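Let me begin by presenting the structure, written as structure tokens, before commenting on it.
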Amino acid sequence: MASMRRRKQAKDEQLTASLLDDYDALEAEDVGPAVQQQQQPARAKAPGLSSSAIILHPGEFNLQAFVASILAWWQRMFGACFGQIFSYATHLWPVPQRGPELSLLQAERLQQLRDKVAERFDIASPSHQDSLRRLWNLAFSGEPCTALKTPRWKDMGWQGEDPATDFRGAGLYGLDNLIYLAEVHPDTFRRLMDKSEGTRATWEYPFAVAGLNLTWALSELLELHAPTGAAAAAAAASSSSDSASGQGPRPPRGATGRAFLKLLAESDVAFEELYCAAYCLLDATWLEMRASYMEFNAVMKRVKGEVERALASRPTDMAQLRQRLLAAVPGAAAGWD
């Protein structure tokens, strides 16, 4: 579009480094605080155990819980003398950590989100192709999508002629969130895609790929990804226990994910609305930092920190979360529709 006031968006022929990492290959050094907390070993302390209690909880007798509570009491009394012995004993009889209780609605929506995050993008799928065409029609109204491989995709902020190569580990949900932004907040979508505000760098972040990156970053903060490594083994054991007891999906362990649960009970599009507000924050942060393409990761790190702080403030609803999030950077709320 000739009238678009935009700078060059980074393309493969100019910059070979991909903005969106191959998340399947990432190691633990770059995970967020919520995931790091999830990967820490659980302490062998019974939840709700007071200094004088021996029985963990009333109800059906549980030998493991009973022995663990006896050991915990005995260790408080004589741990100074027999610390190593009791440390070994409590290792043999660990007490399961209890997460926050989920309502049926929270459990259902949390599982739906995790299923969405887990679905890979498959260019061979007709429904996935339809989603790409749907995004095209929203971005280039009145211009038919005649091919799924064309240089025109770069004008939307994909890094090459074939958008399928940009998904990597981001999955179909990254595309769904771009579509949600375009359909529910069309003015915001147009402003962000066209880069129509502010003094821009010569090399801008590519809009569509940055959106995929943002979906990944937020779902990581909220513990929506399937765990890997040692965390996967612990989650598998927890899932087996939950299945046996009839419980639903494992709740988030980090404070950020737990704070999000309340918003999830209030709205079935809580993640999508958080995504849209976070994208406005990303663009405003980009302008404030006067960033260029190679500084995108620094911008994203700051955005993730602001999301954590906004959720830590325990907003009562999505409107309050959006207000607190967009207040983090001057100008972030400008143009929100």
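The values are calculated or read from the model by the stated rules, or taken from the named source; none is laboratory data. In this text, all values refer to a predicted model and were calculated from it rather than measured experimentally. Don't worry about glycine lacking a Cβ; one is built from the backbone with ideal geometry, like all the others, and counts go over all protein chains shown.
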Quiz prompt | Some residue of the range 120-133 being in contact with a Gly (Cβ under 9 Å, 6 or more places away or on another chain) and surrounded by fewer than 17 Cβ atoms within 10 Å (Cβ to Cβ) | solution = yes
Practice problem: May I ask you to list the residues in the range 151-181 that are under 20 Å from the mean Cα position of the chain (by Cα) and either β-branched (V, I, T) or within 13 Å of Y279 (Cβ to Cβ) (or both)? | Solution: G174, N177, L178, I179, Y180, L181
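Do we have A147 as small (G, A, S) and free of Cβ contacts under 8 Å to residues at least 24 places away in the same chain here? Don't jump to the end; show me each part of the working.
Numbers: small (G, A, S): yes; free of Cβ contacts under 8 Å to residues at least 24 places away in the same chain: yes.
The answer is yes for A147.
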Quiz item: So, of the residues in the range 204-228 that are of a type in the set (G, A, S) and closer than 20 Å to A259 by Cβ, which turns out to be surrounded by the fewest Cβ atoms within 10 Å (Cβ to Cβ)?
Solution: A217
Exercise. Might you let me know whether the range 177-184 holds any residue that is surrounded by fewer than 19 Cβ atoms within 10 Å (Cβ to Cβ), touching a helix residue (DSSP H, G or I) at 6+ places or on another chain (Cβ under 7 Å) and modelled with pLDDT under 95?
Key: no
Practice problem: Among the residues of the range 277-319, count how many are under 15 Å from T199 (Cα atoms), crowded, with 20+ Cβ neighbours inside 10 Å and of a type in the set (D, E, K, R). | Solution: 1
Quiz item: For the range 163-223, which fully contained helices (runs of 4 or more DSSP H) count at least 2 residues that are closer than 23 Å to E288 by Cα?
Solution: 186-194, 207-221
Exercise. Report whether or not R120 is out of contact with any Phe, Trp or Tyr (no Cβ under 6 Å at 6 or more places or on another chain), in a loop (DSSP other than H, G, I, E, B) and closer than 25 Å to P249 by Cβ.
Key: yes
Quiz prompt | When residues of the range 150-162 are limited to those that are touching a residue at least 60 places away in the same chain (Cβ under 8 Å) and not in a helix (DSSP H, G or I), the one surrounded by the most Cβ atoms within 10 Å (Cβ to Cβ) | solution = G157
Quiz prompt | Filter result (closer than 30 Å to Q111 by Cβ and outside any helix (DSSP H, G or I)) within the range 259-299 | solution = S267, D268, V269
